[in-house]
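Chemist: Could you have a look at this structure, given as structure tokens, before my questions?
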Amino acid sequence: MRGAGHWNPLWDGVAELDPEWTESFMRTTMSTYRGGVLTPQVVELLCIAVDAACTHLYAPGVRRHMRAALDLGVEPREILEVLKLATTVGVHSINVGAPILMEEMAGRSQ
């Protein structure tokens, strides 16, 4: 992961506490990059979606994967479409919250 430029400094502590588990996790993660099932472009687009999702919001990863995607020839408009799709994860906040609000409001009017 370090050699490929995918290392997150936040993993340093985990690597120190449990180097064997960390190495196993990194090998598993890197197999997606090297597996050949998905094109490198698709892998980078998926990584952008994960890092940009409201449940993750990891800006250094978004930047790193955007650069890699652009270097691989991905068009900026393709990246923008991925970002648009990633925003749909946040819509569930209102899907969950609005019914609860309606229940709470109904309970107060009685």
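Chemist: Assuming a ≥ b ≥ c are the square roots of the Cα gyration tensor eigenvalues, decide whether the chain counts as rounded (a/c under 1.5), prolate (otherwise, with a/b larger than b/c) or oblate.
Modeler: Since a/c reaches 1.5 but b/c is at least a/b, the shape of the chain is classed as oblate.
Chemist: So what's the net charge close to E81: Lys and Arg +1, Asp and Glu -1, counting the other residues with Cβ under 14 Å from its Cβ?
Modeler: Residues near E81 contribute -1 overall.
Chemist: Using 0.36 nm per residue, how much length does the chain from I94 to M30 gain when fully extended, once their Cα-Cα distance is taken away?
Modeler: Details: separation 64, 0.36 × 64 = 23.04 nm, distance 3.54 nm.
Result for the pair: 19.5 nm of gain on full extension.
Chemist: Also, I was wondering about something else. Treat each spin label as a single point 7 Å out from the Cα along the C-beta direction, and report the L72 to E20 distance in nm.
Modeler: Roughly 3.3 nm, to one decimal.
Readers should treat all values here as calculations from the given coordinates under stated rules, not as data from a laboratory. Computed from a predicted model, the values in this text were never measured in an experiment. Cβ sites come from the backbone with ideal geometry, for glycine too, and all protein chains shown count toward neighbours.
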